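Taken together, the values in this text are just the output of simple stated rules run on the coordinates, not laboratory data. As the structure is a computational prediction, the values presented were derived from the model and not from experiment. Cβ atoms come from the backbone with ideal geometry, glycine included; neighbour counts cover every protein chain shown.
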Amino acid sequence: MIAKVKPIHQQSKRKDGVRRMSAQFRTEGYNVGRYKAWNLMRKASVSDTDQQKFKRATDRNHNRPLAKKLLNRQFNVDQPNTAWCADISY
């Protein structure tokens, strides 16, 4: 069955992972689950290449104006509801 892994992998342009590999084996009549397909791919030295790269959430290199720092780090105010702040958490 290891000999069948490489042609299936090349047919899919080296993008199929273990789930699609096991589905392909099942369509051919073999009872192969995810973990069996993973072991077969590992023994055949085959892995999927469609891994997404890290994408940064913020763009610091822009020419747009920044928000003004109105508080100047003076967080103690005289009256309530005169200064508001917010935080964005990812």
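Taking the mean number of other Cβ atoms within 10 Å as a proxy for protection, how do you rank 65-75, 15-25, 34-44, 1-11 from highest to lowest?
Numbers: 65-75: 7.1, 15-25: 17.8, 34-44: 16.2, 1-11: 13.9.
Put in order of decreasing packing, that is 15-25, 34-44, 1-11, 65-75.
Given the Cα atoms of the stretch 2-43, and with Rh set as the inverse mean 1/r over their pairs in the Kirkwood sense, what is Rg to Rh to two decimals? Present the calculation step by step, with values, prior to reporting the outcome.
Numbers: Rg = 8.9 Å, Rh = 9.9 Å.
Reported Rg/Rh, Kirkwood definition of Rh: 0.90.
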(message) If I fit a long axis through the Cα atoms of helix 34-43 and take the longest principal axis of the Cα atoms of the chain, what angle between them do I get, 0 to 90°, rounded to 10?
(response) 80
